[in-house]
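All remarks here apply to the structure that follows.
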C-alpha cells in the first residue's frame, strides 16, 4: 500500500464529502477510491469513515487522523517545495486576514518584518472579528483563534490559546464573584455580537459522570459588540465580566486591574491557527508566511510568561495542517 497516496485519498474524501468527488478530482473510478480507503482502514485496524449511500461522516478516530494526515501531507509538500524552489524568490501579493485584537498585537508587527526578508512580496492585512470567507473574498490565508468550524479549509495549529473570565475588582465587589458557570446568568456579561466569530459561546470544564466535560454557555448582558477590543475596554472600565484570552489580559491580571474568576472551570486550551484553501501547489509566498509565523509563535519570548510554554510546545509539536475566532 502506498501510504502517502492512501493518506491523500482519505483527506480528499473527508474534505470533499464523497468518494465520487474525490475520484473526480483524481480522474479515477470511485471504486478505486473505495479500495484505497478499505486498505487504509484494514492497515490501521480502525474505522475512519462511516459510509452510507447518502453521506460520509468521520468517526472519532477519523477526525483525529484527518488532522494528522493533513499535517503530514503539508510537511511533505513544504519539503518538496523547499528543494524545488531552490533560489526562486517569493513574489506577488499576499492577502491575510486575522481577528482584530489578536491581529493588532501578534500579526501586524510581524508583517513588515516578513516583507524585509521578502521585499518582492506586497501584503494586505485585514483585521476583523467577522469570519471571513477566504475563497469568496480573495484572501490567501487567515489567522484564527479558537475552535474551528468544519470546512474544506486546511489549518496549521500554531499555538495554544487559553481563555479566562475576568472582571475588575470594583465590579466583583459590587456584584459578587461567580462561584459556578451558571452564576454568570445573574451578571452583566460582555459578549461578542452574533456576527462575530465566537459562535459557540463561552466554554467551561465541569464535573460529569465521565470525570469532566466541556460545556458552552451563552451568557448575556446589556452590552455586546463585534469588536473584542471594545469588550476588553468595557471590562477594564468595570461594566461587566468578559471571557478573554490570556494573551490579551495577562498584563492587567498581573497588575491587579483585572481578576480571573471561575479559573477552576477553565476549559482546556483551544488553538491559534493559520487556515488557507485547499490547493495542490500553495504559492511560495504563502508557504513562507506560514513558516514565518510558526517560527515566531514557537519562540517562548513571543508570549507572556504564563502562556509561553504551551505556545512553544504546541508550535513545535503541531506543525502544518485542519479542515477548519
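Extension gain, residue 179-residue 68: 0.36 nm per intervening residue step, less the Cα-Cα distance, totals 36.1 nm. Spread over its residues, the convex hull of the C-alpha atoms of the range 163-264 is 99 Å³ per residue. The stretch between residue 26 and residue 76 holds 16.1 nm of extra length on full extension. This uses 0.36 nm per residue minus the Cα-Cα distance.
Panel order for 137, 209, 41, by other beta carbons found within 10 Å of each beta carbon, from fewest to most: 209, 137, 41.
Distance distribution P(r), the chain, all Cα-Cα pairs, bin width 10 angstrom from 0: 5, 23, 30, 24, 14, 4, 0 percent. Multiply the residue gap between residue 295 and residue 59 by 0.36 nm, knock off their C-alpha separation, and tell me the result in nm, one decimal place. My answer for the length gained is 81.7 nm. What the pair-distance distribution of the range 3-81 shows, using all Cα-Cα distances binned every 5 Å from zero, is 3, 16, 28, 27, 18, 7, 2, 0 percent. Each of residue 51 and residue 216 was given a label point 7 Å from its Cα along the Cα-to-Cβ line. The distance between the two points is 3.1 nm.
Model label points for residue 236 and residue 266, set 7 angstrom from Cα along the Cα-to-Cβ axis, are 2.0 nm apart.
A short reminder: the numbers here are calculations on the coordinates, not readings from a lab. All figures in this text were calculated on a predicted structure; none of them were measured in a lab. Using ideal geometry, Cβ is built from the backbone for each residue, glycine included, and neighbour counts are taken over all protein chains shown.
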